Amino acid sequence: MKQFLLFACCLVFAASLRAQKYNPEKVSKQAKTIYDLAIQKAEDGQYMESIKMLDKAISTDKNFVDAFLSRAGINGQIKNHRNAVADYEKAFALDPVYTQDYKLPYSINLAGIGEFEKALEAVDDFATSPSLGENSRKAAAYRRKSFEFAIAHAKTHQGQYVFEPKNLGDSINTKFPEYFPSLTIDGNQLVFTRQMNFFNEDFFAARLLPGGSWSASAPLPGNVNTERNEGAQHISQDGKVLVFTSCDAPDGFGGCDLYYSLLTKQGWSQPINIGDVINSEFWESQPTIAPDKRALYFAARAPGGMGGSDLYVSYIMPSGKWGPAMNMGPSVNTTGDETSPFIHADNQTLYFASSGLTGYGKMDLFLIRKDSTGHWGKPENLGYPINTVDDEATLFVTSDGTTAYYASDRSDSKGSLDLYSFTLREDIRPVKTLWVKGKVFDAKTKKGLPSAVELKDVATGQRSSKVQTDEDGDYLITLPIGKDYAFNVNRKGYLIYSENFPLSSKPSDSVYQVDIPLQPIEVNANVVLKNIFFETGKFDLKKESEAELDNLVELLKENNTMVIQINGYTDNVGKPADNLALSNNRSKSVVAYLVRKGIEPARLLSKGFGETRPVSDNNTDEGRAKNRRTELQVISK
């Protein structure tokens, strides 16, 4: 049982009798009797009953300083910081000498309502006491550092931000703890952990109803929940993979390991251990999977770490298996605890909790962002009032970057930890994203094809995302807005598929349906190479074409007897003879690139057709753009 004295920050009648107005020996016996019962209630966890009895004790003796101090301590415990502050101030007014040692908890409660400058004054006052022990001085120094940080942060992050967390209500929250919220990309399914009977952890889910409320939560269907503890889960963007923690499982390598479950027609599959390349005899927990499913972030306690729990990452190897776990290093990890990582749909913003980075006290929420080179920047504290003097963790941010979900035991919780949603401050939002989803299928049989779908930034040639479709060929990709993308699919036995998406001007939260027909490799099969670019009226290849051409090189190397012809076409702008020459030269430029990359010239033909074979109307810009194309044609296999 928690002892009341640990959180109330007061010993019953324990203050020394210095030069003071208040004498605890002169408290009325009736008030003292009521007070003793109130303390017993508090020690039993019956905080509201204890407050009621302390109210009665104070009404019996209005100068009962210890009753004010104890009521302040309980109010602080239940996060009613404003009432706690009021009670401390009443006690200070009655006797500033007797209550001097309570300036530290008073300062913490002031910080709880955002009064950081007053909190700093209070903790400095507390530190002047000559009778302070070493632990008290360390506690004061720790709080002073937190309050100074809070004051400095407020000066650099001023603005109109209203923090109004909304309890998700009775359909989600219960008297038991609910935590680790995660949602699918469309925001329609919420999955979370509930600690049943304050002991066994299981997964529950709810769906978003048309009016914006949530359906009644229910255990996840299938076999993922067991009699053991399963928790700290993260659902993939497409809602088909669940990564999570399971403890003390028969196939585990240690106390708690990382597992995954797949969504099937019968529900969620039995938990599958991720394997010993990540799991060990030590503690691994709280996984989050990248939107392209190619990176797995998690918290672990392992030898060689920075201290406490650290954040680690593992990447998918070419074999399709997870690579060795790598510590994310001293730019993120500290001698304290780093926990609860969450990678956003933009694949560039990672939120996490830390007790070792400078903040407001205990565990704070932070974010780090990837720069243009793919390296992580410095951690950034999410600031007050998202972070407080208490613990914050288990943050999830929706794909639009605007709404966040987290677990908290706020004063309006249904009991213990509840799930809340709130609007995220603009400067700590992730990059806005859009979605592309669809199906990869055989162009002739229409059968779905499991395939790798890759998107590259057209401007830089760097890969933005790569995902593996499911067994039916379905895929979903989330992408940062403001860029144009080259879209490629490679599968053995099929010609490459490419598409150019000019998405730089598209709004966020847009959904694009792109179904991808793959053409089997056979004589006379052809495909338009949509990511081959030339300057207007010229035949010099632009750098943005290289990603597409390199995919073509790989195709020819994998099919080392195939002979192809590169066909060039133009629109009808200009003279026909000039267009014919331009198309010939453009197709030759492609062949020359392939030869430089090691493809035998004998396997490569080129031909220009000028404006003679339009596929669209030359009377519109859109039609002319379609007619200006480069095509791959199979001559022989």
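For the reader, a short list of remarks on this structure follows.
- Of the residues Gln189, Thr33, Thr128, the one whose Cα sits farthest towards the positive end of the charge dipole of the chain is Gln189 (charges of +1 on Lys and Arg Cβ, -1 on Asp and Glu Cβ, taken about the Cα centre).
- Listed residue (Phe366, Leu395, Val595) projecting farthest to the positive dipole end of the chain, Cβ model: Val595
- Close amide-amide hydrogen proximity is noted between Phe282 and no other residue 5 or more places distant or on a separate chain, at a cut-off under 5 Å (H modeled in the peptide plane; Pro and chain starts excluded).
- Residue exposure sequence - Glu548, Glu392 - by fewest surrounding Cβ within 10 Å: Glu392, Glu548
- Using only side-chain charges placed at the Cβ, +1 for Lys and Arg and -1 for Asp and Glu, the dipole size of the stretch 419-533 relative to its Cα centre rounds to 120 debye.
- Simple point charges give the picture: +1 on the Cβ of Lys and Arg, -1 on the Cβ of Asp and Glu, and for the chain a dipole about the Cα centre of about 1100 debye.
- Going from the fewest other Cβ atoms within 10 Å to the most, the residues Glu554, Glu115, Glu284, Glu43 appear in the order Glu554, Glu43, Glu115, Glu284.
- Gyration tensor verdict on the stretch 357-403 (Cα atoms; rounded if a/c is under 1.5, prolate if a/b is larger than b/c, oblate otherwise): oblate
- Using only side-chain charges placed at the Cβ, +1 for Lys and Arg and -1 for Asp and Glu, the dipole size of the stretch 4-156 relative to its Cα centre rounds to 80 debye.
- Sorting Thr423, Thr245 from the fewest to the most surrounding beta carbons within 10 angstrom yields Thr423, Thr245.
- Legend: residue pairs Lys32/Lys52; Lys447/Lys492; Lys21/Lys79, Cα-Cα distance threshold 23 Å; pairs beyond threshold, Lys21/Lys79.
- Values of log10 I(q)/I(0), in the order q = 0.13, 0.15, 0.22, 0.23 Å⁻¹, for the stretch 523-637 under a Debye, Cα-only, solvent-free model: -0.46, -0.61, -1.23, -1.32
- Comparing Gly608, Tyr142, His375 along the charge dipole axis of the chain, the residue lying farthest to the positive side is Gly608, per the Cβ-charge model.
- In terms of distances greater than 20 angstrom between alpha carbons, the cross-link table entries Lys240/Lys293; Lys293/Lys370; Lys90/Lys145; Lys444/Lys626 yield Lys90/Lys145; Lys444/Lys626.
- Percent of C-alpha pairs per 20 Å bin in the chain, short distances first: 16, 40, 27, 12, 5, 0.
- Nearest 10 degrees, 0 to 90: helix 116-127 Cα axis against the chain principal axis: 50 degrees
- Shape of the stretch 432-520, Cα gyration tensor, a/c cut at 1.5: prolate
- Computed 3J(HN,Hα) for the stretch 164-175, one whole-Hz value per residue from the Karplus formula 6.51 cos²θ - 1.76 cosθ + 1.60 where θ = phi - 60°, is 10, x, 10, 4, 6, x, 5, 6, 10, 8, 9, 5, glycine and proline marked x.
- Square roots of five times the Cα gyration tensor eigenvalues for the stretch 221-379, Å: 25, 18, 15
Bear in mind these aren't lab numbers, they're just calculated from the coordinates by the rules spelled out. Computed from a predicted model, the values in this text were never measured in an experiment. Virtual Cβ from ideal backbone geometry, glycine too; neighbours counted across all protein chains shown.
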